Amino acid sequence: MPRYLISFNYGDMNVPDDELPAVGEAARAVVRQASEAGVLVFAGGVGEPQDTRVVAPNGQVRVGPRSQRAEFIGGLTIVEVAGPAEALAWGAKIAAACRCDQEVREFMPGAQVCGE
């Protein structure tokens, strides 16, 4: 079955501080639903862009994003589902829970998974 990345950009989940606990619980509830449905591969938020570590081809490491781009992933979910309609349905559930748009993208055919 194909795997899909469902993600949102850092800063897109723009909700008042007093609503963050409710948004967090709603997001965890959708992740539990995906797990119980057997489609969840992975889900999680991503740290602050300024804390990014960049590894160069020569092995050198530096702190901070590699460019001044405007968008960074803020959180992601990976699901393994029958096809795009099901992936979009999970994306819609996550969008409602997180109160922000979600990108839904299929992993390229032949993507490798450890242990497979």
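Only the coordinates and a few stated rules stand behind these numbers; no lab work does. Quick caveat: nothing in here was measured; it's all calculated off a predicted structure. Reconstructed Cβ throughout: ideal geometry from the backbone, glycine too, with neighbour counts over all protein chains shown.
Which entry is the computed mean projected area of the Cα convex hull in nm² for this structure: (i) 7.1; (ii) 8.9; (iii) 6.6? The calculated read-out lines up with (ii). When the helices in the chain are scored as -39500 (n - 2.57) per DSSP H run of 4 or longer and the sum is shared across all residues, what 222 nm value do you end up with, to the nearest 500 deg cm²/dmol? Mean residue ellipticity, 222 nm, calculated: -9000 deg cm²/dmol. Working ranking of peptides 28-35, 60-67 by packing, defined as the average number of other Cβ atoms within 10 Å per residue, highest first, is 28-35, 60-67.
Between the stretch 85-111 and the stretch 13-50, the C-alpha centres lie 13 angstrom from each other.
Here E106, E71 are placed in order of increasing Cβ neighbour count within 10 Å, fewest first, which gives E71, E106.
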